[in-house]
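Visitor: Please read through the structure below; I'll follow up with questions.
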Amino acid sequence: MLFNYIKTACRHLWKNRTFSAINIAGLSISIACALFILLHIKNELSYDKGYSKSDRIFRITLENTGEGERHWAPISFPAGVEMKQYFPQIEKVARFYRPYPYQVFSYSSAKGAVNRFEEKAGFFADASAIELFDLTLIKGNAQTALSETNSIIISEKLAKKYFGNEEPLGKIIQEDLNKVPLKVTGVIKSFPFPTHLQFDYLLSMPTIHRYIDDRSLENKTWSAFYTYVLLNGKSSKTIIESRMPEFILGYYRSTGETPRAILGSRKLHLQPVSAIHLHSKLEKEMYANSDIRYVYIFSVVAIFILLVAAVNFINISTALAFNRMKEIGMRKVAGATKQQLIRQFLGESFLTTMLSTVVALCLVKTAMPLYAWLTSRDMQFNELLTWSNLTVLVLLILCCSLLAGVYPAWFVARFNPINALKGKKNNRFSLNFVRKGLIVFQFAVSVFMIFSTIIVYKQLQFFHNKDMGFDKEQVVAVTMYGPMWRHFGALINDIKKNPAISHYSVVSTLPGDRFSMQPFYPVTANKDDDQPSCRIMQADERLLPTLQIGLKDGRNFFNQFPEIKHSEFIINEAAAKAFRLKNAVGEKFILDRDTGEVVGIIKDFNFASLHSAIEPLVIKYDPFQANYLLVKVQPHEMQATLKFLEADIKSLLPESNFTYTFIDEKMNRLYEAENQLSRVFKVFAAFVIFIACLGLFGLSAYSTQLRTREVGIRKVLGASVSNLTILLLKDFILLVLGGMVIAWPFGWWAMNQWLDGFAYRIHIDGWVFTLSGVLSVTGALATVSYQAIKAALLNPALSIKAE
């Protein structure tokens, strides 16, 4: 019986090979797309779940409430250790601190060759981090690797980069900026699963005392250390949270604040480590995290693609079922039950899905570069061949088979055997209603995808083209390493002589980087009152003309190089509003340990991404804290200028690295998540439309075939080719228009929800609705017109003879 079913299914597929090809093409593309999306979602959802104790690992975060409301990912240096002493439910504590903004490592081999590189992906870490996060050391002793001062453990990549094939253990890497020799005590194996904890090296925490003074480390209000705790049980979190206010009172009592002020301005939270990647957008995150919203969006896209392909299968299968009425009638007369017929047609659906899956796997292997482009993640085809991924694939096949085959199987099993043998199609009305409804659904999805793609593209264009309040074009930032400052005067003299360079400046932090947040308040302020914290940047007097930042009130900095005698600040409009001062110019303010005068107010400019509103900013005159040299280059002179800068720096300091970044590119990288979303929508919207048009092509071919005799008779009676074409197109276009009416409200609502997540956003114009509709109708017309015109041009003598 099974063999008979398979033979019948194969004959049916071959007999209707055009329609079978349409079904297989649609299903294979949809399965390939869904497989890519599901793998991406699976990867996103698996972040930080590979640790053996992941369900008991939490990150301690600090929430500042009141005037300076802000939620911080790191906390102060002593907090973790004191929490472990206070709460017996905490087994281990591990802290990480990122050296800002970079470090320069060098290694001199026995042959005299020097390998020197800038490194940004590293942290100071407690020795307990090795056990807490299951770090695997390929070389070295895990018990002692991070215990001693001046110890460093490095990744396999860094070991290869600095030492080649040499044995790395015991080698000395020189930290050039502070002249600290670091002994390699271990080589770490890369995590075999995705994690937010990305690094190339870890420095032992005792070494931090060579970089930061004890006074700063003991400061309980300085949030700079990412602190993780391992609890001794799943219920421990509730116990710790219930006693957290007591700990906060005791911990911050030394700040001199009242208990009411302490509890009213701070909260400590336990954040599950597995929630960081998709659910955390806190201040000073280790790296930019993803967003759970995009997981939901990708999931919906995958479902849409599968549904559109399943609709094709349902429509074409039910249409072709009328050609098999006599076969079904004979089977029923011969004793076949409804269950047997349902199994037969579900089996045919399963066979088609299996063939589609084979084609889909070939497409997946071919489209690996496309996946890497869409997700910014490289993946090899053999990564698919894991038990978990194969399970996902089997479930996908079963879902597609049932989704596409249940209704046709049920529909065929309901045929009356007598009517079926006579060829009577007595349930055409209900079938046509369902079929038309499914076509409307297909094109509703298509219009929704086109509409969403246009909105995402428009928002991205808005990001890239909006006036940021400063000139980011033709500005290159050259990293100024410590030793380079000894030759700064000579470098600037050479820059002044170069006609391709119009302006230059030095600055501590680049637009697009995370600016530090520090207390900044008038000397007349009441210390017990909440004061807004401000973003801080250090620069010289040439910053404003270099970036063409407008001065609203007051003046620019005076040149005080090489000795700063008076602290001066320039604030932006947002800061002036935050302090509610009628005229902030001339007012005395305190920043950290310095008291200075506000000499100017600049116009607000977007120094961070457009995801958030402009925050209060303070620019302090202090070129000695600068990390970058900004150079404004004349148009068409960038490459020549870069060669000049590199040659000049190498001549002044031969052992120095030359690294640079373009400010406009740095700002554009802030929208990588949106760029990825735009790429996904463009590609998958095209696939959805293609699959929908494939189905429409098959149905129009079948519908035209059924109406061939009618077309011939109408032509004999005088109907023109254009009249006949419109007649055959009309029904399909009405269905597409119905899909547009349904899709537009959903598209408008969904895109407004997405756009509301941005401080700066576009508004949805009427032309977006029109364009999405025109593109859908154009696609449908292009698909159906071929069959309609072909039927209308057919010789009526042949048309009337058609069966």
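The values are calculated or read from the model by the stated rules, or taken from the named source; none is laboratory data. Not measured: the values here are computed from a predicted model. Cβ atoms come from the backbone with ideal geometry, glycine included; neighbour counts cover every protein chain shown.
Visitor: With 755, 798, 794 as the choices, which residue is touching a Ser or Thr at 6+ places or on another chain (Cβ under 8 Å) and at pLDDT below 95?
Guide: The match here is 794.
Visitor: Report yes if residue 303 is of a type outside the set (Phe, Trp, Tyr) and surrounded by fewer than 16 Cβ atoms within 10 Å (Cβ to Cβ), otherwise no. Quick ask: steps written out before the conclusion?
Guide: Numbers: of a type outside the set (Phe, Trp, Tyr): yes; surrounded by fewer than 16 Cβ atoms within 10 Å (Cβ to Cβ): yes.
Against the criterion (of a type outside the set (Phe, Trp, Tyr) and surrounded by fewer than 16 Cβ atoms within 10 Å (Cβ to Cβ)), residue 303 qualifies.
Visitor: Considering only residues that are closer than 17 Å to residue 479 by Cβ and among the acidic types (Asp, Glu), which ones fall in region 603-650?
Guide: 646, 648
Visitor: Please state which one of 168, 194, 206, 181 is assigned to a loop (DSSP other than H, G, I, E, B) and more than 34 Å from the chain's Cα centre (by Cα).
Guide: 168
Visitor: Quick test for you: out of 762, 733, pick the one residue that is surrounded by fewer than 22 Cβ atoms within 10 Å (Cβ to Cβ) and not in a helix (DSSP H, G or I).
Guide: 762 is the lone residue from the list that is surrounded by fewer than 22 Cβ atoms within 10 Å (Cβ to Cβ) and not in a helix (DSSP H, G or I).
Visitor: In region 209-241, what count of residues is obtained for those that are hydrophobic (A, V, I, L, M, F, W, C) and in a helix (DSSP H, G or I)?
Guide: To start, the set of residues in region 209-241 that are hydrophobic (A, V, I, L, M, F, W, C) comprises 212, 217, 222, 224-225, 229-231, 239-240.
Filter again for in a helix (DSSP H, G or I), leaving 217, 239-240.
So the answer is 3.
Visitor: Which condition does residue 600 not pass, out of (1) within 19 Å of residue 473 (Cβ to Cβ); (2) touching a residue at least 24 places away in the same chain (Cβ under 8 Å); (3) more than 31 Å from the chain's Cα centre (by Cα), if it passes all the others?
Guide: Of the numbered conditions (1) within 19 Å of residue 473 (Cβ to Cβ); (2) touching a residue at least 24 places away in the same chain (Cβ under 8 Å); (3) more than 31 Å from the chain's Cα centre (by Cα), the odd one out for residue 600 is (1).
Visitor: Every residue in region 618-653 that is β-branched (Val, Ile, Thr) and surrounded by fewer than 16 Cβ atoms within 10 Å (Cβ to Cβ), please.
Guide: none
Visitor: Something else now. I'd like the full set of residues that are within 17 Å of residue 271 (Cα to Cα) and surrounded by fewer than 21 Cβ atoms within 10 Å (Cβ to Cβ), limited to region 213-229. Please lay out each step first, then the result.
Guide: Initially, region 213-229 is screened for residues within 17 Å of residue 271 (Cα to Cα), giving 223-229.
Once the filter is applied, which keeps residues that are within 17 Å of residue 271 (Cα to Cα) and surrounded by fewer than 21 Cβ atoms within 10 Å (Cβ to Cβ), region 213-229 yields only 224.
Visitor: With respect to residue 531, determine if the residue is at positive phi and surrounded by 15 or more Cβ atoms within 10 Å (Cβ to Cβ).
Guide: no
Visitor: Which members of region 552-597 meet the condition of being among the polar types (S, T, N, Q) and free of Cβ contacts under 8 Å to residues at least 60 places away in the same chain? Walk me through it before giving the result.
Guide: Start the filter on region 552-597 by keeping residues that are among the polar types (S, T, N, Q), which leaves 556, 559-560, 567, 572, 583, 595.
Passing the criteria: 556, 559, 567, 572, 583.
Visitor: Looking at region 507-520, is at least one residue in contact (Cβ under 8 Å) with a residue 24 or more places away in the chain, loosely packed, with under 15 Cβ neighbours inside 10 Å and under 23 Å from residue 102 (Cβ atoms)?
Guide: Yes, region 507-520 contains at least one residue that is in contact (Cβ under 8 Å) with a residue 24 or more places away in the chain, loosely packed, with under 15 Cβ neighbours inside 10 Å and under 23 Å from residue 102 (Cβ atoms).
Visitor: I'd like to check which strands (runs of 3 or more DSSP E) are fully inside region 532-616 and have at least 3 residues that are more than 29 Å from residue 761 (Cα to Cα).
Guide: Counting at least 3 such residues, we get 588-591, 594-602.
Visitor: Pick from 406, 476, 456: which is at pLDDT 90 or above, of a type in the set (Val, Ile, Thr) and more than 28 Å from residue 575 (Cα to Cα)?
Guide: 456
Visitor: In addition: For region 602-617, which positions are within 17 Å of residue 546 (Cα to Cα) and either among the aromatic types (Phe, Trp, Tyr) or buried (at least 20 other Cβ atoms within 10 Å of the Cβ) (or both)? Let's see the steps before the verdict.
Guide: Taking region 602-617 first, the residues within 17 Å of residue 546 (Cα to Cα) are 602-607.
Once the filter is applied, which keeps residues that are within 17 Å of residue 546 (Cα to Cα) and either among the aromatic types (Phe, Trp, Tyr) or buried (at least 20 other Cβ atoms within 10 Å of the Cβ) (or both), region 602-617 yields 602, 604, 605, 606, 607.
Visitor: Which ones in region 701-727 are charged (D, E, K, R) and at pLDDT 70 or above?
Guide: Passing the criteria: 709, 710, 714, 715.
Visitor: A further question on this structure: Being among the charged types (D, E, K, R), part of a loop (DSSP other than H, G, I, E, B) and within 27 Å of residue 231 (Cα to Cα) is the filter here, so list the residues in region 110-152 that pass it.
Guide: Matches in region 110-152: 126, 134, 148.
Visitor: Pick from region 450-480 the residues that are assigned to a helix (DSSP H, G or I) and within 30 Å of residue 641 (Cβ to Cβ): which of them is nearest to the chain's Cα centre (by Cα)?
Guide: 460
Visitor: Condition first: in contact with a strand residue (DSSP E or B) (Cβ under 6 Å, 6 or more places away or on another chain), more than 30 Å from residue 85 (Cβ to Cβ) and modelled with pLDDT under 95. Can you find one or more residues in region 135-151 that meet it?
Guide: Scanning region 135-151, I find at least one residue that is in contact with a strand residue (DSSP E or B) (Cβ under 6 Å, 6 or more places away or on another chain), more than 30 Å from residue 85 (Cβ to Cβ) and modelled with pLDDT under 95, so the answer is yes.
Visitor: Something else: Condition check: aliphatic (A, V, I, L, M), touching a residue at least 40 places away in the same chain (Cβ under 8 Å), crowded, with 20+ Cβ neighbours inside 10 Å and over 30 Å from residue 293 (Cα atoms). Does residue 129 satisfy that?
Guide: Considered against the rule, which asks whether it is aliphatic (A, V, I, L, M), touching a residue at least 40 places away in the same chain (Cβ under 8 Å), crowded, with 20+ Cβ neighbours inside 10 Å and over 30 Å from residue 293 (Cα atoms), residue 129 comes out as yes.
Visitor: Which of the residues belonging to region 263-296 are in a helix (DSSP H, G or I), in contact with a Leu (Cβ under 8 Å, 6 or more places away or on another chain) and buried (at least 18 other Cβ atoms within 10 Å of the Cβ)?
Guide: Those that are in a helix (DSSP H, G or I), in contact with a Leu (Cβ under 8 Å, 6 or more places away or on another chain) and buried (at least 18 other Cβ atoms within 10 Å of the Cβ): 278, 294.
Visitor: Restricting region 39-83 to residues that are under 26 Å from residue 189 (Cα atoms) and of a type in the set (S, T, N, Q), which is farthest from the chain's Cα centre (by Cα)?
Guide: The qualifying residue farthest from the chain's Cα centre (by Cα) is 52.
Visitor: Any residue that is farther than 21 Å from residue 51 by Cβ and assigned to a strand (DSSP E or B) - is there at least one of those in region 75-92? If you could, list the steps in order and put the result at the bottom.
Guide: Step one: list which residues in region 75-92 are farther than 21 Å from residue 51 by Cβ, which gives 76-79, 81-82, 85-86, 88.
Narrowing the set further to residues that are assigned to a strand (DSSP E or B) leaves none.
Checked region 75-92: no residue is farther than 21 Å from residue 51 by Cβ and assigned to a strand (DSSP E or B).
Visitor: Just wondering, is there one or more residues in region 427-449 that are at pLDDT below 90 and not in a helix (DSSP H, G or I)?
Guide: Checked against the condition, which is being at pLDDT below 90 and not in a helix (DSSP H, G or I), region 427-449 yields at least one hit.
Visitor: Could you check residue 224 against (1) farther than 24 Å from residue 61 by Cβ; (2) touching a Pro at 6+ places or on another chain (Cβ under 9 Å); (3) not assigned by TED's automatic domain parsing to the domain that holds residue 134 and say which number it fails?
Guide: (1)
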